[in-house]
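The values are calculated or read from the model by the stated rules, or taken from the named source; none is laboratory data. All values reported here derive from a predicted model rather than from experimental measurement. Heads up, the Cβs are rebuilt from the backbone with ideal geometry, glycines too, and the neighbour counts pull from every protein chain shown. Heads up: the accessible areas ignore ligands, DNA and RNA and are worked out on the full protein's heavy atoms, side chains in. Shrake-Rupley method; radii C 1.70, N 1.55, O 1.52, S 1.80 Å.
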Amino acid sequence: MALARLPPLSGGKMAPVSPRELHRLDGPSYRVNGKQHHLPPPNALKPYVDTRAGELDTWPAHASSQALTEASAVLSKNKHLVLVKEDDEGKSQIVPKPRFLEQLENFLRKELRALGVVDVQPNELRLQAHREVFEYLIEDFKTYKPLLSAIKNEYEMMLAHQRHQIRQMEPLKQMLVTVSEQCEQKIMALREDERKEMTELKKANRKLYTQISSLMNEQEDLREQVAKLKTKLEEEYKKYRDECDSRKLLVADINDLRYQNEDYQASRNAALMNQDTEEDPVIMKIALQKSREAEKAATKKVNEMIANYGDVLPRRDFEQLETKFKELELKFDNSQQDFRKLQTEHNALLDVHKHVTQKRDEFYIELETLKRSSTPRPNWDKCSDYVQGGSVRWQQLAEGKRSTELVDVLLNEIQAGGFVDTVGADYFDPQGTGPEVPIYLRHDQPVRNRRLSKRDTALLVREIWRTKSAKDAERTDGTRQNMGEFLFEYLRARFPLEQIVVEWGYNLHDACQRYAHDDVIGLFGKVLNGEADEEIFHSQLLTIHGLLTHMTKLDAEMGNVGTLGPEEFRKCLVDFFHLSNENEEDNIAETTIFKAATIELEITDEMPVDYKSLFTEDDEGKTGPFLEEVKAFLKSKKESYINDVKEQLGETSPVSLDDLMRAITIADPEINNDKMQEILAWTFKTTQDGLKDVNPIEQSAILERLQNGNITRMGRK
């Protein structure tokens, strides 16, 4: 086949290129992934052979598939199939390729082998090798170089654009993955919630189905019972009718027998008389027939009389009943007159009692007013804390002296300088900064005495209790913060200066000691010093709140009137405190608490009780007589419980853990294990985990810890 030449790239036939014109090919090379690849130097090309350009050999298009290297499967000596290419077997191709094409393919094949990317897969190295071959091809065809270069540039621009878009899409892809994961997590959470809700609904549904089935079974049982009762009723009614009919038949038979007997007697008597008189039998027969007709008429009349006057009393009985009725009527009139007299006297007594009750309440209110306004009798034993020498010296000074003489003794002690006036001191002595000192009292300089009044102390204590309750409610471990640590944090949050924080800490500590006789301040001071359990305060609040809730619930059942009757109010007290009518102490406590409520509300025992007004307090935290009596009742119950424990301990001292546990179990058999562990841990000043290692302590210390702890009887005494 003849070879045809393509027209030169410049539009005409090009002259052979001189080797001198190939100086632009000196040192051709390219770099891929940091590796430098060199092309053959120009002087290695054969003149007029390798440097000819612009000519294309004609190559049949149908020979392209035959000119390619083909591979065939050959069975090896090991009887395995092996792929062998035609080049490896030395077979020549049917149609030879153009030399330039063969050179480019050989170059491309070598480059791919050198780069290790022989496999046909997307790869940057393969792209670079093909790009170099394509550039050689473009350089060789001068005429089509602009078009081919433009095509190559378009491809390169599109590749660069696609790479840029891919780089921009990478963050979006990561964001999409993140959002997808978050959405999947939310979907899983929603599915989990729905699954839990579905589970709960299924449980509720099954429970309702169970209830419905039980109710249906119960309904079926009731229906069967009703059917059985109807059947029995029918049977009883049938028996009654049969009995009634039998009775009527029996009465009829008796009457027939009586009539037959009478007929027999009459015939017999007639026969006897006939024997004597020898009367005519025909006459006797006619007389018998007439007698029978008269007997039937008499019987009919008797039956009518019985039917018409069966329920009529005889006159004799009527007269007896009428006489008895007149006697009873006379007695009733006399009783009515006596009742009216007694009612009049009773009303008069009620008026007198009401008047006396009002007077008594007025006198009681006046007494309470006088108690509050008048000067109470001094507690001279308190002076022992302020006199040098303590209680021993004060007993020596106060022995056998009256109040006026004791005042003189105090004045002499003050003059002599033996009276320690902490209230009048301008500064408190510092207690130091050691670890044994409470954190709110750690200071090494004198502290100014603000001389807190009782009202200021009560207001501050009330605010501290309220704030601490809110803070403890926010804790997730279920425990309460130490009062000393909380007081220090509270003062630091309230006052910006450290000196002011220390002053308020010292002054509050001093006020709690001075006003320890007050129940609210005294309890706070003991809790602050670690002598009493903080749960005493919260237990009282919970008890009072529970009593108010109980009364509110009863009021709601009665229509939310806002008040309770005396009987309902007493019933609330008995039910809530588990009082027994057979116990005299419980009866006294019930009466005392109810009387305190009537006195506080200034009402009588018969008037309705406005129970919500009883659960109020003033700004100092003081409550009315009702709640004071409730607290006193709870305190008496606690003391009774502790006395029972003391009685069980007997003379045992020191007391071990087992001894106290045995005494508490005997005094309160219904106590549970958690409450027992709580009491033991408080009494022995340890945790529940440390109860195994506690040592016995004196009985007096045990009883004092019990007195200052949150101790309540779980069962009834």
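Out of all the residues in the stretch 608-619, is one or more assigned to a loop (DSSP other than H, G, I, E, B) and modelled with pLDDT of 85 or more? Walk me through how you get there before you give the answer.
Applying the first criterion (assigned to a loop (DSSP other than H, G, I, E, B)) to the stretch 608-619 yields 608, 610, 615-616, 618-619.
The next check asks that each one be modelled with pLDDT of 85 or more; those that pass are 608, 610.
Looking through the stretch 608-619, at least one residue is assigned to a loop (DSSP other than H, G, I, E, B) and modelled with pLDDT of 85 or more.
Being open to solvent by 100 Å² or more (accessible area, probe 1.4 Å) and assigned to a helix (DSSP H, G or I) is the filter; apply it to the stretch 306-320 and report the residue that is farthest from ALA270 (Cα to Cα).
So, considering only residues that are open to solvent by 100 Å² or more (accessible area, probe 1.4 Å) and assigned to a helix (DSSP H, G or I), the one farthest from ALA270 (Cα to Cα) is GLN320.
Just for the stretch 284-305: of the residues that are at pLDDT 85 or above and among the acidic types (Asp, Glu), which one is most open to solvent (accessible area, probe 1.4 Å)?
GLU293
Hey, does the stretch 358-379 have a residue that's surrounded by 10 or more Cβ atoms within 10 Å (Cβ to Cβ), farther than 30 Å from VAL409 by Cα and at pLDDT 90 or above?
Pass one, the stretch 358-379, residues surrounded by 10 or more Cβ atoms within 10 Å (Cβ to Cβ): 358-369, 378.
Next cut, farther than 30 Å from VAL409 by Cα only: 358-369.
Remaining after also requiring at pLDDT 90 or above: none.
Checked the stretch 358-379: no residue is surrounded by 10 or more Cβ atoms within 10 Å (Cβ to Cβ), farther than 30 Å from VAL409 by Cα and at pLDDT 90 or above.
Would you call GLU105 open to solvent by less than 70 Å² (accessible area, probe 1.4 Å) and either out of contact with any helix residue (DSSP H, G or I) (no Cβ under 6 Å at 6 or more places or on another chain) or part of a helix (DSSP H, G or I) (or both)?
Working: open to solvent by less than 70 Å² (accessible area, probe 1.4 Å): yes; either out of contact with any helix residue (DSSP H, G or I) (no Cβ under 6 Å at 6 or more places or on another chain) or part of a helix (DSSP H, G or I) (or both): yes.
Criteria met by GLU105.
Counting just the residues of the stretch 460-480 that are aliphatic (A, V, I, L, M) and surrounded by 15 or more Cβ atoms within 10 Å (Cβ to Cβ), which one comes out nearest to TRP504 (Cα to Cα)?
LEU460
Give the residues of the stretch 482-519 that are more than 20 Å from GLU534 (Cα to Cα), assigned to a helix (DSSP H, G or I) and open to solvent by less than 50 Å² (accessible area, probe 1.4 Å), sorted by residue number.
Step one: list which residues in the stretch 482-519 are more than 20 Å from GLU534 (Cα to Cα), which gives 492-504, 506-507, 514.
Filter once more, keeping what is assigned to a helix (DSSP H, G or I): 492-494, 498-504, 506-507, 514.
Answer for the stretch 482-519, where residues must be more than 20 Å from GLU534 (Cα to Cα), assigned to a helix (DSSP H, G or I) and open to solvent by less than 50 Å² (accessible area, probe 1.4 Å): ILE500, VAL501, VAL502, GLU503, TYR506, ASN507, ARG514.
Which one is farthest from the chain's Cα centre (by Cα), of the residues in the stretch 523-544 that are among the acidic types (Asp, Glu) and over 14 Å from LYS468 (Cα atoms)? Talk me through it step by step, then tell me what you get.
If we filter the stretch 523-544 for residues that are among the acidic types (Asp, Glu), which is where we start, we get 531, 533-535.
When the remaining residues are screened for being over 14 Å from LYS468 (Cα atoms), the result is 531, 533.
Details: GLU531: 32, ASP533: 26 Å.
Among residues in the stretch 523-544 that are among the acidic types (Asp, Glu) and over 14 Å from LYS468 (Cα atoms), the one farthest from the chain's Cα centre (by Cα) is GLU531.
Of all residues in the stretch 644-685, which are more than 17 Å from GLN699 (Cα to Cα), polar (S, T, N, Q) and open to solvent by less than 50 Å² (accessible area, probe 1.4 Å)?
GLN677
What number of residues within the stretch 580-594 satisfy the criterion of being open to solvent by 70 Å² or more (accessible area, probe 1.4 Å) and hydrophobic (A, V, I, L, M, F, W, C)? Outline the logic, then answer.
Residues of the stretch 580-594 that are open to solvent by 70 Å² or more (accessible area, probe 1.4 Å), as a first pass: 581-582, 584-585, 588.
Checking the rest, the ones that are also hydrophobic (A, V, I, L, M, F, W, C) come to 588.
Matching residues across the stretch 580-594 total 1.
Inspect all residues belonging to the stretch 113-128 and state whether any of them is of a type in the set (A, V, I, L, M), on the phi < 0 side of the Ramachandran plot and exposed (fewer than 10 other Cβ atoms within 10 Å of the Cβ).
yes
Return a yes/no flag: does the stretch 144-154 have any residue that is assigned to a helix (DSSP H, G or I), hydroxyl-bearing (Ser, Thr, Tyr), free of Cβ contacts under 8 Å to residues at least 24 places away in the same chain and open to solvent by 80 Å² or more (accessible area, probe 1.4 Å).
First, pick out the residues of the stretch 144-154 that are assigned to a helix (DSSP H, G or I): 145-154.
Still in the list and also hydroxyl-bearing (Ser, Thr, Tyr): 149.
Next cut, free of Cβ contacts under 8 Å to residues at least 24 places away in the same chain only: 149.
Now narrow it down to the ones that are open to solvent by 80 Å² or more (accessible area, probe 1.4 Å): none.
No, the conditions are met nowhere in the stretch 144-154.
Can you pull out every residue in the stretch 679-709 that is within 24 Å of GLY650 (Cβ to Cβ) and acidic (Asp, Glu)? Let's see the steps before the verdict.
Start the filter on the stretch 679-709 by keeping residues that are within 24 Å of GLY650 (Cβ to Cβ), which leaves 679-685, 691, 694-709.
Passing the criteria: GLU698, GLU704.
Checking PRO171 against (1) exposed (fewer than 10 other Cβ atoms within 10 Å of the Cβ); (2) touching a helix residue (DSSP H, G or I) at 6+ places or on another chain (Cβ under 6 Å), which single condition isn't satisfied?
Evaluating PRO171 over (1) exposed (fewer than 10 other Cβ atoms within 10 Å of the Cβ); (2) touching a helix residue (DSSP H, G or I) at 6+ places or on another chain (Cβ under 6 Å) leaves (2) as the failure.
Condition check ((1) small (Gly, Ala, Ser); (2) under 33 Å from the mean Cα position of the chain (by Cα)) across all residues:
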residue: HIS517; (1), (2): no, no
residue: GLY546; (1), (2): yes, yes
residue: GLU568; (1), (2): no, yes
residue: ASN583; (1), (2): no, no
residue: GLU590; (1), (2): no, no
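Do the conditions hold for ARG241, that is, is it among the basic types (Lys, Arg), open to solvent by 100 Å² or more (accessible area, probe 1.4 Å) and closer than 26 Å to ILE306 by Cα? Let's see the steps before the verdict.
Numbers: among the basic types (Lys, Arg): yes; open to solvent by 100 Å² or more (accessible area, probe 1.4 Å): yes; closer than 26 Å to ILE306 by Cα: yes.
In short, yes.
Among the residues of the stretch 562-605, which ones are acidic (Asp, Glu), assigned to a helix (DSSP H, G or I), more than 21 Å from THR616 (Cβ to Cβ) and touching a residue at least 24 places away in the same chain (Cβ under 8 Å)? Spell out the reasoning first.
Initially, the stretch 562-605 is screened for residues acidic (Asp, Glu), giving 567-568, 575, 582, 584-586, 590, 600, 602, 605.
From what's left, assigned to a helix (DSSP H, G or I): 567-568, 575, 584-586, 590, 600.
Narrowing the set further to residues that are more than 21 Å from THR616 (Cβ to Cβ) leaves 567, 575, 584-586, 590.
ASP575, the sole residue that qualifies.
When both residues are 6+ apart or on different chains and their Cβ atoms are under 6 Å apart, which pairs have a first residue that lies in the stretch 254-267 and is at pLDDT below 80, and a second that is open to solvent by 60 Å² or more (accessible area, probe 1.4 Å)?
Short answer, once both residue conditions are applied: none.
Which residue is most open to solvent (accessible area, probe 1.4 Å), if the candidates are limited to the stretch 703-717 and must be touching a residue at least 60 places away in the same chain (Cβ under 8 Å) and among the hydrophobic types (A, V, I, L, M, F, W, C)? Outline the logic, then answer.
Going residue by residue through the stretch 703-717, those that are touching a residue at least 60 places away in the same chain (Cβ under 8 Å) are 703, 706-713, 716-717.
Subset that is among the hydrophobic types (A, V, I, L, M, F, W, C): 703, 706, 711.
Details: LEU703: 31, LEU706: 5, ILE711: 11 Å².
Ranking the candidates gives LEU703 first.
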